[in-house]
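Note sheet for the following structure.
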Amino acid sequence: MNVQAVKVIYKYEMLRAWETLLQSFASPVISTALYFVVFGSAIGERIEQIDGVAYGAFIVPGLMMLALLTQSIANASFGIFFPKFTGTIYEVMSAPVSFLEILLGYVGAAATKSLIIGLIILATAGFFVPLEIAHPLWMAAFLLLTCVSFSLFGFIIGLWADDFEKLQLIPLLVITPLVFLGGSFYSVSMLPPVWQTVTLFNPVVYLISGFRWSFFEVSDVSVAVSLAMVLAFLALCLLVVGWMFRTGYRLRQ
Amino acid sequence: MQPIVSIVNLSKTYADGHQALKDVSLEIAEGEILALLGPNGAGKTTLISIICGIVNASEGAVTVDGHDIVRDYRHTRALIGLVPQELTLGHFDKVWNTLCFSRGLFGRAPDPAYVERLLKDLSLWSKKDTEIMALSGGMKRRVLIGKALAHEPKVLFLDEPTAGVDVELRKDMWALVRELRESGVTIILTTHYIEEAEEIADRVGIIDGGKLILVEDKQELMQKLGRKAMIVELEEPLSGVPDTLAHWGLELSGDGCRLTYTYDPRSTRTGIPGLLQAIGEAGLVVKDFKTTQSSLEEIFVSLVKGRA
Ligand SMILES: Nc1ncnc2c1ncn2[C@@H]1O[C@H](COP(=O)(O)OP(=O)(O)O)[C@@H](O)[C@H]1O
Ligand SMILES: [Mg+2]
């Protein structure tokens, strides 16, 4: 195992976030704070509790997920896309590193960044609404799993994309709608029955539901199903990455 | 002695069907400087990219230090440093950081003293905290060399190191290459500047159209293929070569003041004394004369032409 390589890639990626501190960490916090002002305070005052949870608190897990998903994907995809774009990837390819080590460096750093962002958002939310976390360990587990799986997913997108447009395509056209329609700001049970069924095809629903359960013990689907779905997604990403590894996809001609 | 790099029947066909390398075999001895000479598109970068692990070979095999570059990539790549043809660098990276990154990427533990020495050798020490985008082209080239040397490789590939580089830096670079060779590093450089190969290499390989046309010790190559020319300057211009000198195959310059005689220096009788005598007998007054050796460039042109 080339531990030094994992270390320098990880450090490089973390340094990049640090040098663009405002963009990396402040902007998700600001946008989350805005959501709280708009949804939590302005609209939340007029909405009764959902499933026995005050609306302002109810949206916290969804908001965190929204940030985690977009940040994980953005960080990881950009991290590997950019060296491909500038050509500096030649060095990684000519180095004695395995695909696993490349993955650990890039995905590890991206997951760490979104984990930090998630925690910052949680702390920010604490300013606006009183928060209690019923199952902190489960909360941490969902948090970590989400960061890792979606950073992996972002890595795949970053490898696949050969221009900036493709890099933006999936996050914009797939992820953002799925998260907004995945029960970030409402309970699935509030939807008409037909849409409830449709919603069950949205994988993000399971993610948010499980995450919300770890906070308030209320959920749209059972926790076991949520967990299984997250793990299945993680496994799928690992499979794809493994295939990319074997074929040298988009890296070696 | 076992070659440090051994290339056997290597071929590469790119996805678009273009065959960039055709059955190339080559052995590179430890500690030598080999220049791969060839026009643009000859396949030089492709060959290097395969050895370094950036491009997959279609056929054939390469071993470095006796290890297969695919199966034992960890061993072989750790031994190799690559200075790529393009100035591919992270614009926002700082010089010091990027060298430390390279060192770690190749599996070496941090060694600030070594990196410091390297930066000083490359006259980059004062720029160590500068972002790369603020550097001149020549300095960027040096950063690339620094990155390639950061993990103390035994084999160094320089892909057109002096393309677009000023004379000063070119001299520095050659000095550095010689110094590296002194320390036992094997150097393979590609170039389409013949003077470069001529000046610095121990051996020269000529690539054209994906084929390795020949590999030869530089001196031998020049001797074997290099023809010498004797140029005779005349006091009075001539309108044509006198009939008595016709069988010497002389060339007369445009102004009629110079006669050029080409000959093979390997032959036991060059005919020079006879020619000088014949010139005298023809009543021509010689002002001056000199001999010149044809450069690799001329050799190269004649080789490539000969194949076409
Ligand atoms: N990625 C690629 N896909 C297809 N053809 C390529 C690729 N890279 C290089 N080539 C072609 O292969 C030939 C050799 O290229 P290269 O090795 O870069 O030559 P050199 O370095 O000697 O100039 C050229 O004709 C070039 O167009
Ligand atoms: Mg080239």
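The values are calculated or read from the model by the stated rules, or taken from the named source; none is laboratory data. Keep in mind it's a predicted model, so treat the numbers as computed, not measured. So basically every Cβ, Gly included, is an ideal-geometry build from the backbone, and we count neighbours across all protein chains shown. The protein model used for the area step is the full one, side chains on, heavy atoms only, and it has no ligands, DNA or RNA in it. Shrake-Rupley method; radii C 1.70, N 1.55, O 1.52, S 1.80 Å.
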- Note on the structure: Rounded to the nearest 10 degrees, the helix A:99-128 long axis (Cα) sits at an angle to the longest Cα principal axis of chain A of 30
- Quickly work out the A:SER31-to-A:PHE82 label distance, labels modelled 7 Å from Cα along the C-beta direction, and quote it in nm with one decimal. 1.7
- Note on the structure: If each K or R counts +1 and each D or E counts -1, the residues other than B:SER6 whose Cβ falls under 12 Å of its Cβ total -4
- Item | Semi-axis lengths, Å, region A:101-253, gyration tensor of Cα atoms, sqrt of 5 times eigenvalues | 29, 19, 15
- Using the per-residue mean of other Cβ atoms lying within 10 Å as a proxy for protection, in what order, highest first, do the peptides A:242-250, A:122-130, A:108-116 fall? A:108-116, A:122-130, A:242-250
- Message: Please compute the per residue accessible area over chain A with all protein chains in place, 1.4 Å probe, rounded to a whole number of Å².
- Response: 46
- Rounded to the nearest 10 degrees, what's the angle between the helix B:167-182 long axis and the longest principal axis of chain B, both from Cα atoms, 0 to 90? 70
- Message: Can you give me the accessible area per residue for chain B, using a 1.4 Å probe, in Å²?
- Response: 47
- Message: What distance in nm lies between label points placed 7 Å from Cα along the C-beta direction at A:ALA134 and B:SER239?
- Response: 11.5
- Listing of region B:97-112 residues, each with accessible area lower by at least 20 Å² in the full protein assembly than in the chain alone (probe 1.4 Å): B:ASN97, B:PHE101, B:GLY104, B:LEU105, B:PHE106, B:GLY107
- Computed E for B:HIS18/A:GLU19 - FRET, C-beta separation, R0 41 angstrom, nearest 0.05: 0.50
- Query: When the accessible area of each residue in region B:37-80 is compared between its chain alone and the complete protein assembly (1.4 Å probe; ligands, DNA and RNA ignored), which residues differ by at least 10 Å², being lower in the assembly?
  - Reply: B:CYS52, B:GLY53, B:ILE54, B:VAL55, B:ASN56, B:TYR73, B:ARG74, B:ARG77
- Query: How far, in degrees from 0 to 90, does helix A:136-160 lean away from the longest principal axis of the Cα atoms of chain A, to the nearest 10?
  - Reply: 40
- Ignoring ligands, DNA and RNA, what percent of the accessible area of the protein assembly as shown is carbon or sulfur (1.4 Å)? 59
- Subtracting the Cα-Cα distance of B:GLU199 and B:ASN9 from 0.36 nm times their residue separation yields 65.5 nm
- How many partner chain Cβ atoms sit within 10 Å of a residue's Cβ in peptide A:95-102, on average, as a whole number? 5
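Could you sort out which of B:LYS120/B:LYS140; A:LYS11/A:LYS166; A:LYS7/B:LYS154; B:LYS94/B:LYS140; B:LYS171/B:LYS218; A:LYS11/B:LYS128 sit more than 22 Å apart by Cα distance in this structure? Walk me through the numbers before you get to the answer.
Working: B:LYS120/B:LYS140 15 Å; A:LYS11/A:LYS166 27 Å; A:LYS7/B:LYS154 24 Å; B:LYS94/B:LYS140 11 Å; B:LYS171/B:LYS218 20 Å; A:LYS11/B:LYS128 18 Å.
Result: A:LYS11/A:LYS166; A:LYS7/B:LYS154 exceed 22 Å.
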- Note on the structure: The percentage of Cα-Cα pairs in the protein assembly as shown separated by more than 34 Å is 55
- MRE, 222 nm, helices only [DSSP H, n ≥ 4, -39500 (n - 2.57), over the protein assembly as shown, to nearest 500]: -16000 deg cm²/dmol
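Between chains A and B, what is the buried accessible area summed over both chains (1.4 Å probe, protein heavy atoms, nearest 100 Å²)?
2400
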- Of region A:1-34, those with amide N under 20 Å from the point 7 Å along the Cα→Cβ vector of B:ASP111 are A:1-9
- Can you list the lysines whose alpha carbon sits under 20 Å from that of B:LYS22, skipping same-chain ones fewer than 8 residues off? B:LYS12, B:LYS44, B:LYS211, B:LYS305
